[in-house]
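Quick notes on the structure that follows.
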Amino acid sequence: MRHAAFEIFVKQHLPNLTNTPPNGWRYIVPETGHLVGPFTGWAQLYQNLKLHYDAAGYDMPEDIFDKVEAQICENYQEYCGGGPSLFKRFVGGVAGLSHTYHNAFQCLATLISNMAGGGERPDQTLADSRAAACVECPENGEIEGCTHCNMKTLRHAIERIVGSRKTPSDGALKFCKVCHCNNKAKIWVKHEAIWKFTSDANKKRLPETCWLKVEAPDD
């Protein structure tokens, strides 16, 4: 019988999020058997998966990227490869890698896909206030690096949300350790686009001073 550490270490991963895998970014949804894709980018696949899960009446798994990655790598093993970060996951525990690039990118992709629609968008005064609250928050921190990161892709997603807008606190804004979103981008998004995708467990984890809680409507 193989040792568990060996099984985890040899698990394959996509080399990056910039290149399009063979036959595109695609995923067969186990719950429905439907093929979503192919697309040229992960963000496109993610947004369409969210639409499909919602339309089918299912909650999209929080680890959807891992599931997509596993499915692609199972079919195109020569394109994927293992990495030392997997060994780190084994010896350090899954919780130690929860605040990662992939989680941050998934959150930004969700924000981008939900920027349209109703709801009040923050003006400069509100964004400045939110930013100041984030700077003082203990959950404002860096994301963990990994072998599959592409920070250029992450910065591009942030720029799509922020544009040319700025706040006096931008230099100190990092990532939220609870929802994994980039705070510099999050402060410019309407409240409902974030709140409705925040799990009850994460809502409880947010500090009482978090602007997401302060602005939340009374139940």
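The values are calculated or read from the model by the stated rules, or taken from the named source; none is laboratory data. Quick caveat, the model's predicted, so the values are computed rather than measured. Quick reminder, even Gly has a Cβ in these numbers, built from the backbone with ideal geometry, and neighbours come from all protein chains shown.
Here Thr147 does not fit the description of being among the β-branched types (Val, Ile, Thr), closer than 19 Å to Asn202 by Cβ and at pLDDT below 70. Of the residues in region 114-128, at least one is in a helix (DSSP H, G or I), within 16 Å of Cys181 (Cβ to Cβ), at pLDDT 80 or above and of a type outside the set (S, T, N, Q). Regarding region 158-173, can at least one residue be identified that is touching a residue at least 12 places away in the same chain (Cβ under 8 Å) and touching a Leu at 6+ places or on another chain (Cβ under 7 Å)? Yes, region 158-173 contains at least one residue that is touching a residue at least 12 places away in the same chain (Cβ under 8 Å) and touching a Leu at 6+ places or on another chain (Cβ under 7 Å). For Thr153, the test of being of a type in the set (Ser, Thr, Tyr) and modelled with pLDDT of 95 or more is failed.
From the list Ala216, Ala157, the lone residue that is over 20 Å from the mean Cα position of the chain (by Cα), among the small types (Gly, Ala, Ser), surrounded by 14 or more Cβ atoms within 10 Å (Cβ to Cβ) and over 17 Å from Asp123 (Cβ atoms) is Ala216.
Residues in region 50-69 that are hydrophobic (A, V, I, L, M, F, W, C) and buried (at least 17 other Cβ atoms within 10 Å of the Cβ): Met60, Ile64, Phe65, Val68. When region 184-203 is filtered for residues that are β-branched (Val, Ile, Thr) and over 18 Å from Asn103 (Cβ atoms), only Ile187 remains.
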